[in-house]
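Read through the structure below, which is laid out as structure tokens, and then see the notes.
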Amino acid sequence: MVYAIVFGALAVILIIWFIAAYNKFAHTKIKVQEAESGIDVALTKRYDVLVKEMEVVKGYAKHEASTLSEVIKMRKGMPIEEKVDALKSMDSMQSRINMLAESYPQIRANENFKQLQLTVRDVEEHLQAARRAYNANVTIFNKLVVSFPSLILAKLFGYRAFAFFVAEDAKREDVKMEF
Amino acid sequence: MHEQIEHLETLRHRANIWKGFLFIVSAIAIGVAFFFIFGDMPLGTEITMMVFLVFGIFFSVFYYKSQSKFVRAYKEFFALKVFESIFENISYEPEEYFTKELIESTYITSLGNRYSGDDLLSASYRGVPFQQCDLLIQNKGYGKYSTTVTYFKGKWMIFDFHKSFQGYVQVRQKQGKTVKPGMFSDKPLTQKVAMENMIFNQIFDIRASDDKLAFYLLTPHVLESIMELEKKFDGQMIFAFIDGKLHIALNNGKNAMEPSLSTQVTEAAADFILEEMKIIMHFIDVLLQEQVMQAAIKAK
């Protein structure tokens, strides 16, 4: 009788733990996916602004327009590594646009371009926030995947660690500030 | 400066003299009342009591007036002197404070049934407008034993935040003096958010209407600055980002601009007020640095 009670109690504890751990996995996975969709939205916005900037720049710097011909691959549902590559391509394109804008004062004076530059800043801040939100949720999920006893459940349901959205090297460097 | 301090000292002494008279009259009146109740009532006790009562009221009025005069002069001199040395567009109203409705809308603290404050300052620092005041929020319970619980005593600051946003993010220090939590049940959209900074998560609880908004507002630089502030100042700190505004509530049980009658007035009083203003200056510096840093990253 005593064994039956002990066994029953252990079984109840195990079931409660199983449900709690499963829900924790499911909840965190949803948060990761939400954060990833946030990155998608920010990347798409960034891409749209970049295209608009390119149009403005091409209007003034026809000869140098060929330097802006790099293809940025953007497609729905691409893995996080490809998103990182897309962001790198956008950063590289943005640098070239900025360089051309430096050489052509007419571009810098263009009201539309000025507005787009402000939008770029805002979009980049949103992108940075989405990236941090994604990485923070991935950290929580990946900890569950590798920690005991939740790793048992991860193996059982085939959960694998998510890849981090790694910031490009240029953004990691210290920023020199002048006041 | 020296003349002003001498003048303040004269006012303080005057207030202390009236306080002394009031104390003596009260003590004698209590003694007479004791005889009146427990001893043989000598002839004319009622008249004596009436005389003491009149003197008591008389001294109370003079004490209150002289104390108010000292406090007003102290604030007008020291507070304004400090404010004018660091801020622009100053409007200082010693008797005013934020409305109860405004504080209620922040979901930072419960409001109890006693709400008061003073020293409302509106100004700008490095071009950023802000407002601040001292608040005292308490709840008095009337039962068999009456109890007064202080929910909040300290400084409340409101800034115009440099990013425009719609939503709600609250950062609440876990340790320190406890503030009765705001009524989150009335704010169903708030969810708990964990930042990537583990130390920050250990010190603060973060709740937001949208976790992406929390990451957008609480950049690594802002997180570091909040932790720096937490180290520098005693008391519990709560930050609430609400629809383009930032509220900082410092529940430290102090009212920096309230002078004590028992403490001599010295030039150091200005330093004490200045120390309290450093929260505002620190945070505005952080926000401005943040703008410069974002621009620098973008330019790379």
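Run the helix sum for chain A: -39,500 (n - 2.57) per DSSP H stretch of 4+ residues, divided by residue count, reported at 222 nm to the nearest 500 deg cm²/dmol.
Numbers: 6 runs with 136 residues, N = 179.
Calculated mean residue ellipticity at 222 nm is -26500 deg cm²/dmol.
Straight-line reach from A:Lys52: taking Cα to Cα under 20 Å and skipping same-chain neighbours fewer than 8 places apart, the aspartates and glutamates in range are A:Asp40, A:Glu64, A:Glu70, A:Asp91, A:Glu102, A:Glu111, A:Asp122, A:Glu124, A:Glu125. This ranking places B:Arg172, A:Arg96, A:Arg46 by how few other beta-carbon atoms lie within 10 Å of each, fewest first, which gives A:Arg96, B:Arg172, A:Arg46.
If R₀ is 35 angstrom, what is the calculated FRET efficiency for the pair B:Ser105 and A:Arg121, using the beta carbon separation as r and rounding to 0.05? Don't jump to the answer; show the numbers that get you there.
Values: r = 30 Å, r/R0 = 0.86.
With R0 = 35 Å, the Cβ-Cβ based efficiency is 0.70.
Evaluating 6.51 cos²θ - 1.76 cosθ + 1.60 at θ = phi - 60° for every residue in region B:243-249, the Karplus couplings come out as 6, x, 10, 10, 9, 10, 10 Hz, glycine and proline recorded as x.
Projecting the Cα atoms of A:Leu43, A:Ala26, A:Leu14 onto the charge dipole of chain A, computed from C-beta unit charges around the Cα centre, puts A:Leu14 farthest toward the positive end.
Computed over chain A with a Gaussian network model linking Cα atoms closer than 10 Å, the most mobile of A:Asn110, A:Asn135, A:Asn98 is A:Asn110. Checked against a 18 Å cut-off, the cross-linked pairs B:Lys174/B:Lys232; A:Lys45/A:Lys76; B:Lys100/B:Lys155; A:Lys45/B:Lys212 all give Cα-Cα distances at or below that limit. Listed by Cβ neighbour count within 10 Å, with the fewest neighbours leading, B:Phe77, A:Phe157 appear as A:Phe157, B:Phe77.
Quick one: compute the contact order of chain B, relative version, from alpha carbon pairs under 8 angstrom and 6+ residues apart, as a percent. Please list the in-between numbers first.
Details: 453 pairs, mean separation 51.8, N = 300.
The value is 17 percent.
In terms of distances greater than 27 angstrom between alpha carbons, the cross-link table entries B:Lys19/B:Lys254; A:Lys88/A:Lys114; A:Lys83/B:Lys245; A:Lys24/B:Lys163 yield A:Lys83/B:Lys245; A:Lys24/B:Lys163.
Scalar couplings 3J(HN,Hα) for region A:147-155, obtained by applying the Karplus form with A = 6.51, B = -1.76, C = 1.60 to θ = phi - 60°, are 8, 8, x, 5, 5, 4, 5, 4, 5 Hz; x denotes Gly and Pro. Taking B:Val286, B:Val25, B:Val193 as the candidate residues, the one with maximal mean-square fluctuation in a Gaussian network model of chain B, Cα springs under 10 Å, is B:Val25.
Using +1 at the C-beta of Lys and Arg and -1 at the C-beta of Asp and Glu, which of B:Leu22, B:Phe58, B:Ser146 has the Cα lying farthest in the positive direction of the dipole of chain B? With unit charges placed on the Cβ atoms, the residue in question is B:Ser146.
Seen against the Cα atoms of chain B and their longest principal axis, helix B:2-38 is set at about 50 degrees.
In this structure, the amide hydrogen of B:Glu96, modeled 1.01 Å from its nitrogen in the peptide plane, lies closer than 5 angstrom to those of B:Asp119, B:Leu120, counting only residues at least 5 positions away or on a different chain.
Could you put B:Leu218, B:Leu261 in order, starting from the residue whose Cβ has the fewest other Cβ atoms within 10 Å?
Details: B:Leu218 24, B:Leu261 15.
Going from least to most buried by this count: B:Leu261, B:Leu218.
Ignoring the sites themselves, what is the longest stretch of chain B with no GluC sites (Glu not before Pro) in a DSSP loop and at most 13 other beta-carbon atoms within 10 Å? Within chain B, the longest run free of exposed GluC sites (Glu not before Pro) spans B:96-266.
Per-residue shielding of A:38-45, expressed as the average number of other chain Cβ atoms within 10 Å of the residue Cβ, stands at 1. For the residues A:Gly158, A:Gly38, A:Gly77, a GNM of chain A with alpha-carbon springs under 10 Å puts the largest fluctuation on A:Gly158.
Could you tell me whether the protein assembly as shown comes out rounded, prolate or oblate from its Cα gyration tensor? Rule is a ≥ b ≥ c as square roots of the eigenvalues, rounded for a/c under 1.5, then prolate if a/b exceeds b/c, otherwise oblate. Before the final figure, lay out the partial values.
Working: a/c = 3.85, a/b = 1.65, b/c = 2.33.
Cα axes put the protein assembly as shown in the oblate bin.
No value in this document is a laboratory result; all are computed from the given coordinates. Keep in mind the model is a prediction, meaning the values are calculated, not measured. A quick note on method: Cβ atoms are made from the backbone with ideal geometry, for glycine too, and the neighbour counts reach across all protein chains shown.
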